[in-house]
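Presented below is the structure to which this report refers.
What follows draws every value from the coordinates through simple rules; no lab data is involved. Source: prediction; values computed, not measured. Here the Cβ is made from the backbone with ideal geometry for all residues, glycine too, and neighbour counts use every protein chain on show.
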Amino acid sequence: MTGPVIALSGAPGAGKTTLGRWLADTLGAVRVNYDDYEKMTRLPPPQIADWLDRGAPIADIPAPGLADAVATSRTDQVVSYETPLGRAWPATAGMSDLSIWAATPLDLALSRKLQIMARAWEEKGGPVAPCTQWFTGHLRAYEDIIRPSLLVQMERVQSLADVEVTNAGDLETTKRQVVAALNAADLPLGQLPVLP
């Protein structure tokens, strides 16, 4: 018997990790995070631009070991699978028993992502100059590469989700929407939380 896989997808900064940690704590789920396997953001900008020019084939997005991690983790356990690709990535498309899209405006998602990166840099105690360079580079690439990639993601991934939750404000409201989606999916998850 295999456990159900709950795929949480959305733009960077949409709250996939926050919701994934909450699901893991709430359901005793195993977390599999795309970020631990992805290679796309490490590609040079010209390669990403070429990928966009070729029609942005989702199957070409490199994440070695990710499909095996999802398959292995689902043995008799619930899996919280945090992925920006949802069911659009062929290697794990058929593994998700419930696909949830966390709808978040791109400006809010960008703000959250930049705050996450700033906190991580601050925790490392590194010098300010490289952090400033990273932010400058990220924002410079946002219009030409990142935003077009996010629009492809929204077009191809969001439409394949079973349910959409809004994660643009109060996290407790988003959690209630996720619980409602889990109840409606009727998956073998055990006792779901009752949220006010």
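Quick notes on this structure:
- Basic side chains Lys and Arg get +1 at the Cβ, acidic Asp and Glu get -1 at the Cβ, and with that the dipole of the chain about its Cα centre reaches some 260 debye.
- Only Cα pairs under 8 Å and 6+ residues apart enter the sum, and on that basis the relative contact order of the range 5-185 stands at 34 percent.
- Using θ = phi - 60° and Karplus 6.51 cos²θ - 1.76 cosθ + 1.60, couplings along the range 161-170 (whole Hz; Gly, Pro as x): 6, 6, 8, 10, 10, 9, 10, 10, x, 5
- Positive-end residue of S80, W51, A141, charge dipole of the range 1-148 with Cβ unit charges: A141
- Taking 1.567 mPa s as the viscosity and 4 °C as the temperature, the Stokes-Einstein diffusion coefficient of the range 1-106 based on its alpha-carbon Kirkwood radius rounds to 91 µm²/s.
- Computed [θ] at 222 nm, helices only, for the chain once each DSSP H run of length n ≥ 4 contributes -39500 (n - 2.57): -14000 deg cm²/dmol
- Taking label positions 7 Å along the Cα-Cβ direction at both T166 and A118, the computed distance is 2.6 nm, reported to one decimal.
- Length added when fully stretched, A59-R147, from 0.36 nm per residue minus Cα-Cα: 29.8 nm
- Most mobile listed residue (A56, A184, A11) in the chain, GNM with C-alpha springs under 10 Å: A184
- Radius 11 Å from Cβ of A56, net charge of other residues (Lys, Arg +1; Asp, Glu -1): -2
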